[in-house]
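> To start, I am sharing the structure in question, which I have written as structure tokens.
Derivation of every value follows stated rules applied to the coordinates shown; laboratory data play no part. Everything numeric here is computed off the predicted structure, so don't read it as measured data. Reconstructed Cβ throughout: ideal geometry from the backbone, glycine too, with neighbour counts over all protein chains shown.
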């Protein structure tokens, strides 16, 4: 973590030291071959120190009066008035130094043109300092807001994922419970499948994104588990683009959608139905289509906790660039389509 106070003073000292150095070099070049004039050097050093102190005083006032929180139309007149007053103050602060260094020329020092001209020059310098100060603080606040937003998104994503895993386990255990009495042998097989499925899901849910091939393996294990319960009433088909298998997607996203299709679609049909998954990797997006037998009036469009979490996770990770839509493609066929930007 950068110490803001130390950084501020470092930049102040380096900035005004550079200003003083430029003034000294410019003065030396303008002189008649006299590259080092002790009086001029001491005067410009005094001037740089005064500029540092005056701008620090301006910073204190900016912070004390909370100008950083104001909009541009409110800040601008305050800064203009402040730098004009500082410019005049700086001009008259120099006078004691000219007296001490035997550089005092009353006719020059108190001439109206000299007072107004140099005061304006100092005001411009202080105005440039103010612009740099406000720009730095603006970007710092913007950067902090981005970090805060990222942290909040991460917290929300973790909360959503923590909700998904127990939800998934609950549904899987319900599937096994239905087999225990009527077919103990198949229930043992289902428990074995569930252990493998949980191993995969618990590993992947720790990550924000996981390869599509890992998601497909979880879906296939889940369908194998559900097939034991539904038997011939549940059929599955896959048409996977090999180029899409390494694409990163949110964990348990596909399993959630397949579960939604079975729960609200196929399980409502006496004759059962088919889950068909298709993936295509296009130039700028991954297109995932999941079709299931059923219709939207059975509640598929809402999909409960799992589907709502999937929508939120896509929004948090990809913003408006990702989409999830559910529609009736044709009679007794529901299409769930996900588009994820590459």
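> State log₁₀ I(q)/I(0) for the range 183-341 at q = 0.11, 0.12, 0.20 Å⁻¹ as given by the Debye formula over alpha-carbon point scatterers of equal weight, solvent excluded.
-0.42, -0.50, -1.40
> If you don't mind, another one. State the extension gain, in nm to one decimal, for the chain segment bounded by residue 328 and residue 74, taking 0.36 nm per residue of separation less the distance between their alpha-carbons. Intermediate results must be reported in sequence, preceding the final value.
Numbers: separation 254, 0.36 × 254 = 91.44 nm, distance 5.48 nm.
Full-extension gain reported as 86.0 nm.
> Using a Förster distance of 56 Å, how high is the FRET efficiency between residue 41 and residue 320, based on the Cβ-Cβ distance and rounded to 0.05? Mind dumping the intermediate values first?
On the way: r = 60 Å, r/R0 = 1.08.
That gives a FRET efficiency of 0.40.
> Tell me, 103, 253, 61 in order of fewest to most beta-carbon neighbours within 10 Å?
By the 10 Å Cβ count, ascending: 61, 103, 253.
> Next question. Just want to confirm a number: the relative contact order over the range 1-119, from Cα pairs under 8 angstrom separated by 6+ residues, in percent.
Numbers: 49 pairs, mean separation 27.1, N = 119.
Rounded, it is 23 percent for the range 1-119.
> Listed highest first by mean packing, meaning other Cβ atoms within 10 Å per residue, what order do 327-339, 263-275 come in?
On the way: 327-339: 15.8, 263-275: 17.7.
Sorting 327-339, 263-275 by mean packing, highest first, produces 263-275, 327-339.
> Same structure again: Rounded to whole Å and sorted largest first, what semi-axes of the equivalent ellipsoid does the C-alpha gyration tensor of the range 4-146 yield via the square root of 5 times each eigenvalue? Before the final figure, lay out each step's value.
Numbers: eigenvalues 199, 67, 29 Å².
Value: 32, 18, 12 Å, ordered largest first.
> Right, another one. Which whole-number percent gives the relative contact order of the range 183-341, counting Cα pairs below 8 Å spaced six or more residues apart?
Numbers: 260 pairs, mean separation 31.2, N = 159.
The normalised contact order for the range 183-341 reaches 20 percent.
> Another question about this same structure. Ranked by Cβ crowding within 10 angstrom, fewest neighbours first, how are 320, 215 ordered? Walk me through the numbers on the way to the answer.
Numbers: 320 8, 215 24.
Ordered from fewest to most neighbouring Cβ atoms within 10 Å, 320, 215 come out as 320, 215.
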